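Asks: Structure provided below as structure tokens; questions to follow.
The values are calculated or read from the model by the stated rules, or taken from the named source; none is laboratory data. Remember, it's a predicted structure, so these values are computed and weren't measured experimentally. Every residue, glycine as well, gets a Cβ built from its backbone with ideal geometry; the counts of neighbours run over all protein chains shown.
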Amino acid sequence: SKEPDVAKIRSRFPVLDQEVNGKPLAYFDNAASTQKPVEVISALKEYYEHHHSNIHRGAHTLAARATDLFERTRSSVRAFINARDVEEVIFTKGTTDSINLVAATFGKAFIQQGDEVIISTMEHHSNIVPWQMLCEATNAVLKIIPVTENGELDLQAYEELLSEKTRLVAVVHASNALGTINPIKKMIQLAHQHGARFLVDGAQSLAHLEVDVQELDCDFLAFSAHKLYGPTGVGVLYGKRELLEAMPPYQGGGEMIREVTFAKTTYNDLPYKFEAGTPNIADVVAFDAALSFIQSIGKKWIQRLESQLLAHAMERCSEIKGFVPVGTAKDKVSVMSFTIRNMHPFDVGMMLDASGIAVRTGHHCTQPLMDRLGLEGTVRASFAVYNTVEEIDRLYESLVRIAKRKN
Ligand code: PMP
């Protein structure tokens, strides 16, 4: 297919067309959340203007229509990650919710005193705290894969941590703080050789990399729609059917039951067993438009455009006196994490904002990783498919001015 026209892609995002502090907005906070194309915004409006009803069970036309729209997104997600069945796609509130679901229910069914769960030093807090809570409640042991100086997982150490006590490994596919892409396929194979299950935190990978759950053979995959050009408040948990079937429900309530009596309640089939209560119907419906948007460009092109942006940013910024890149793995998604010598990351972020440039600063919900690297935090510029080389040149020029003050 032919190279997409970035100007045309960009024109689909109304929010980008504004000035911030008197300068055109350059939005480089995409790892925190991407902006939304008009397709997604119109899908939300259209849904509420024409189709809204509660879903499943309704006898009337709107209920059937809303149900179809909701379930259509489930089919699209299935195709997007190449899951075998739609029943393996559970809608949640986001990555955090998906991971908590697994910690609570897989934990209940399969984790006991003395068992081991492995995570890494590179994890987002949402892939740390639920496992700490589980291990505390069950007296299981949490083991941590160390990270090397350049921000990669120590795979040798990982192999040494695996044993017949390991029940689950939960690791991020691409680091939100550094961009490092972890070799999860190989890590999954290793976990399986020890009879352990593997959860992939895909919060940062689904927008950039091809992810095929059957090819990876992961047991669980968690991700958020809002980092995929879709609405906030929607996430996905993919799980292998046999596992989801063996796990108890998460929350109790409507939708997740088959029959309720005071003597005994039976649970609904997958995926509804894990979707108690009225879900976030409108945002799930609009998420379908985000998936179509991504497919219309193609992950191959998205990856190519974003790697060009990252390479350009790194090449230019590396010339700046006082610029210190953080996380120099060879294999990265489009995240440029850095510090400016003698300056606090937050001050750098504020000065960039004064020039209309939006970045994130701080620990990026990865405090153990920052501790490992001996940093309080970094400045993070993360690129999406609508960013341009001109915007990156503005970032470079602003950083030159900012760094000069203290270097
Ligand atoms: N894991 C990673 C790697 C992330 O980047 C994020 C979002 N910053 C999360 C988990 C949590 O996602 P959410 O806040 O959408 O639940």
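Yes/no per residue for (1) under 25 Å from A203 (Cα atoms); (2) assigned by TED's automatic domain parsing to the domain that holds A203; (3) within 16 Å of the ligand (Cβ to nearest atom):
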{"site": "V348", "(1), (2), (3)": "no, no, no"}
{"site": "D353", "(1), (2), (3)": "no, no, no"}
{"site": "G356", "(1), (2), (3)": "no, no, no"}
{"site": "T361", "(1), (2), (3)": "yes, no, yes"}
{"site": "D371", "(1), (2), (3)": "yes, no, no"}
{"site": "S382", "(1), (2), (3)": "yes, no, yes"}
{"site": "E390", "(1), (2), (3)": "no, no, no"}
{"site": "L395", "(1), (2), (3)": "no, no, no"}
{"site": "V400", "(1), (2), (3)": "no, no, no"}
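Asks: While we're on this one: How about the stretch 51-92: which of its residues are among the small types (G, A, S) and at pLDDT below 95?
Replies: Of everything in the stretch 51-92, those that are among the small types (G, A, S) and at pLDDT below 95 turn out to be G58, A59.
Asks: Can I ask one more? Among the listed residues E3, E19, E87, identify the single one that is among the charged types (D, E, K, R) and either touching a strand residue (DSSP E or B) at 6+ places or on another chain (Cβ under 6 Å) or surrounded by 16 or more Cβ atoms within 10 Å (Cβ to Cβ) (or both). Walk me through it before giving the result.
Replies: On the way: E3 fails: either touching a strand residue (DSSP E or B) at 6+ places or on another chain (Cβ under 6 Å) or surrounded by 16 or more Cβ atoms within 10 Å (Cβ to Cβ) (or both); E19 fails: either touching a strand residue (DSSP E or B) at 6+ places or on another chain (Cβ under 6 Å) or surrounded by 16 or more Cβ atoms within 10 Å (Cβ to Cβ) (or both).
Selected residue: E87, the only one of E3, E19, E87 that is among the charged types (D, E, K, R) and either touching a strand residue (DSSP E or B) at 6+ places or on another chain (Cβ under 6 Å) or surrounded by 16 or more Cβ atoms within 10 Å (Cβ to Cβ) (or both).
Asks: Output the qualifying pairs, or none if there are none: Cβ atoms under 6 angstrom, residues six or more apart or on different chains, first residue in the stretch 223-239 and in the same structural domain as A174 (by TED's automatic domain parsing) and on the phi > 0 side of the Ramachandran plot, second residue of a type in the set (D, E) and more than 9 Å from the ligand (Cβ to nearest atom).
Replies: Once the first residue is in the same structural domain as A174 (by TED's automatic domain parsing) and on the phi > 0 side of the Ramachandran plot and sits in the stretch 223-239, its partners that are of a type in the set (D, E) and more than 9 Å from the ligand (Cβ to nearest atom) give G233/D283.
Asks: Under 7 Å between Cβ atoms, which residue pairs at least 6 apart in sequence (or on different chains) link something in the stretch 33-49 that is within 16 Å of the ligand (Cβ to nearest atom) with a partner that is part of a helix (DSSP H, G or I) and charged (D, E, K, R)?
Replies: These pairs meet every condition: S33/K227; T34/K227.
Asks: A follow-up question, please. Could you list, in sequence order, the residues of the stretch 260-290 that are surrounded by fewer than 18 Cβ atoms within 10 Å (Cβ to Cβ), among the β-branched types (V, I, T) and out of contact with any Lys or Arg (no Cβ under 9 Å at 6 or more places or on another chain)?
Replies: Result: V260, T261, T278.
Asks: With N82, N100 as the choices, which residue is within 16 Å of the ligand (Cβ to nearest atom) and within 21 Å of the chain's Cα centre (by Cα)?
Replies: Selected residue: N100, the only one of N82, N100 that is within 16 Å of the ligand (Cβ to nearest atom) and within 21 Å of the chain's Cα centre (by Cα).
Asks: Something else about it: Based on what the data block shows, is E164 acidic (D, E), within 21 Å of F220 (Cβ to Cβ) and modelled with pLDDT of 95 or more?
Replies: When the stated conditions are applied, E164 passes them.
Asks: Given the residues G239, G298, G253, G233, which is the only one that is at pLDDT 95 or above, surrounded by fewer than 20 Cβ atoms within 10 Å (Cβ to Cβ) and under 21 Å from T96 (Cα atoms)?
Replies: Working: G239 fails: surrounded by fewer than 20 Cβ atoms within 10 Å (Cβ to Cβ); G298 fails: under 21 Å from T96 (Cα atoms); G253 fails: at pLDDT 95 or above.
Result: G233 is the single residue among G239, G298, G253, G233 that is at pLDDT 95 or above, surrounded by fewer than 20 Cβ atoms within 10 Å (Cβ to Cβ) and under 21 Å from T96 (Cα atoms).
Asks: Can you tell me how many residues within the stretch 1-32 are β-branched (V, I, T), touching a residue at least 60 places away in the same chain (Cβ under 8 Å) and either in a loop (DSSP other than H, G, I, E, B) or under 26 Å from A174 (Cβ atoms) (or both)?
Replies: Selection size over the stretch 1-32: 2.
Asks: Scan the stretch 284-302 and tell me whether some residue there is part of a loop (DSSP other than H, G, I, E, B) and not aromatic (F, W, Y).
Replies: yes
Asks: Identify the residue in the stretch 355-399 that is of a type in the set (A, V, I, L, M) and out of contact with any helix residue (DSSP H, G or I) (no Cβ under 8 Å at 6 or more places or on another chain) and, among all such residues, is farthest from T121 (Cα to Cα). If you could, list the steps in order and put the result at the bottom.
Replies: Let us first name the residues in the stretch 355-399 that are of a type in the set (A, V, I, L, M), namely 357-359, 369-370, 373, 375, 379, 381, 384-385, 389, 392, 395, 399.
Filter again for out of contact with any helix residue (DSSP H, G or I) (no Cβ under 8 Å at 6 or more places or on another chain), leaving 369-370, 373, 375.
Working: L369: 5, M370: 9, L373: 10, L375: 14 Å.
Residue satisfying both the conditions and the ranking: L375.
Asks: Counting only residues that are near the ligand (Cβ under 8 Å from one of its atoms) and part of a helix (DSSP H, G or I), which one in the stretch 200-228 is farthest from the chain's Cα centre (by Cα)?
Replies: The extreme case among them is H226.
Asks: While we're here: Kindly provide the set of residues from the stretch 211-225 that are surrounded by fewer than 24 Cβ atoms within 10 Å (Cβ to Cβ) and either at pLDDT below 95 or closer than 16 Å to F293 by Cβ (or both), ordered by number.
Replies: Across the stretch 211-225, there are no qualifying residues.
Asks: For G179, indicate whether it is within 18 Å of A203 (Cβ to Cβ) and modelled with pLDDT of 95 or more.
Replies: Judged against the criteria, G179 is a match.
Asks: Look through the stretch 55-75, keep the residues that are within 20 Å of the chain's Cα centre (by Cα) and surrounded by 18 or more Cβ atoms within 10 Å (Cβ to Cβ), and return whichever of them is nearest to the ligand (Cβ to nearest atom).
Replies: Looking at residues that are within 20 Å of the chain's Cα centre (by Cα) and surrounded by 18 or more Cβ atoms within 10 Å (Cβ to Cβ), I get T73.
Asks: Go over the candidates R84, R65 one by one and state the one that is of a type outside the set (G, A, S), in contact with a helix residue (DSSP H, G or I) (Cβ under 7 Å, 6 or more places away or on another chain) and in a helix (DSSP H, G or I).
Replies: Values: R84 fails: in a helix (DSSP H, G or I).
Answer to the selection: R65.
Asks: Could you identify the single residue in S53, S98, S76, S42 that is in a helix (DSSP H, G or I), touching a helix residue (DSSP H, G or I) at 6+ places or on another chain (Cβ under 6 Å) and either farther than 21 Å from F383 by Cβ or not assigned by TED's automatic domain parsing to the domain that holds L373 (or both)? Break it down stepwise before answering.
Replies: Numbers: S53 fails: in a helix (DSSP H, G or I); S98 fails: touching a helix residue (DSSP H, G or I) at 6+ places or on another chain (Cβ under 6 Å); S42 fails: touching a helix residue (DSSP H, G or I) at 6+ places or on another chain (Cβ under 6 Å).
Only one candidate passes the filter, namely S76.
Asks: I've got another one for you. Picking from E149, E159, which residue would you name as being surrounded by fewer than 20 Cβ atoms within 10 Å (Cβ to Cβ) and more than 21 Å from M370 (Cβ to Cβ)?
Replies: On inspection, the qualifying residue turns out to be E159.
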